[in-house]
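The values are calculated or read from the model by the stated rules, or taken from the named source; none is laboratory data. None of these values were measured; they are calculated from a predicted model. Positions of Cβ are backbone-derived with ideal geometry, glycine not excepted, and every protein chain shown enters the neighbour counts. Heavy atoms of the whole protein, side chains included, go into the accessibility calculation; ligands, DNA and RNA do not. Shrake-Rupley method; radii C 1.70, N 1.55, O 1.52, S 1.80 Å.
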Amino acid sequence: MSEDAHRELRESLGAYILGHLDPSEARRVRDHLEGCDLCRSEYAELAPVAAALRDVDPAAVLDLPRPPADLAAQIELNVRREARREQQWRTRRAVFGSMAAAAAAAVVVLGGLQIFGTESELAPVPLESVAVAELAPGVDASANLVAHTWGTEIKLVASGLDDGGVYQVSLLGTGGQEFPAGAFLGTGENPVQCNLNAAVLRDDTTGFAVRAASGEVVLRSEF
């Protein structure tokens, strides 16, 4: 592959994660990710940050002026910047762990649930349990869905996945489309717990798939 073609596909990662590509372009990027370690690593860094953008309520910005023509490019640039900050934060997480534990204890002492709101505000989100087929030896997994107004969330728990391996998750649409829901790193025998999000409503989905870096489907759910 030429350097220009590789750069074009790499620059399309942001739009791919945000679901802005048409099916043929998305397929081209997905095929490239299967064979490019560099882009696959960058995808794994960008996906969690881009997932946060899906939480934006469109109704909250209806009265704003018309966005600039290069808004998508600006968003992609910000996604990349935030991904770099996230990488830096990971190296400091061990230091902050004890501080977070102390802060959590202080919250309990200072009033518990009253600090955060009423009991109705703390009501658990309804979960839909779905069956998961383990397609790789030694893998064990379970999952629940949350039907949001802005899309669908997968709460996945899995063990037996390659430690440090990159796994990509897609929700499957009723028309055969795939909607990227994020990526995560395997943790070997230690269970990994992921909250993955895709911009597709629950009624428009038929399942989800988890793929290893090789493109092999290691987990699949049909619902």
Residues in the stretch 17-41 that are within 21 Å of Gln87 (Cα to Cα), modelled with pLDDT of 85 or more and either not in a helix (DSSP H, G or I) or not hydroxyl-bearing (Ser, Thr, Tyr) (or both): how many? 6
Where residues in the stretch 20-47 are touching a strand residue (DSSP E or B) at 6+ places or on another chain (Cβ under 6 Å) and of a type in the set (A, V, I, L, M), which of them is most open to solvent (accessible area, probe 1.4 Å)? Ala44
Keeping to the stretch 128-143, report how many residues are in a loop (DSSP other than H, G, I, E, B), surrounded by 14 or more Cβ atoms within 10 Å (Cβ to Cβ) and small (Gly, Ala, Ser). 1
Does any residue of the stretch 186-200 turn out to be more than 14 Å from Glu153 (Cα to Cα) and in a strand (DSSP E or B)? yes
Condition check for Gln177: touching a Pro at 6+ places or on another chain (Cβ under 8 Å) and open to solvent by 20 Å² or more (accessible area, probe 1.4 Å): yes
Would it be correct to say that Leu161 is open to solvent by 50 Å² or more (accessible area, probe 1.4 Å), of a type outside the set (Phe, Trp, Tyr) and in contact (Cβ under 8 Å) with a residue 40 or more places away in the chain? no
Among the listed residues Val125, Val166, Val217, which satisfies the condition of being among the β-branched types (Val, Ile, Thr), at pLDDT below 95, open to solvent by 20 Å² or more (accessible area, probe 1.4 Å) and out of contact with any Asp or Glu (no Cβ under 7 Å at 6 or more places or on another chain)? Val125
Would you please list the contacts, defined by Cβ atoms under 8 Å and residues six or more apart or on different chains, that run from a residue in the stretch 184-206 that is on the phi > 0 side of the Ramachandran plot to a residue that is among the acidic types (Asp, Glu)? Gly188/Asp162; Gly188/Asp163
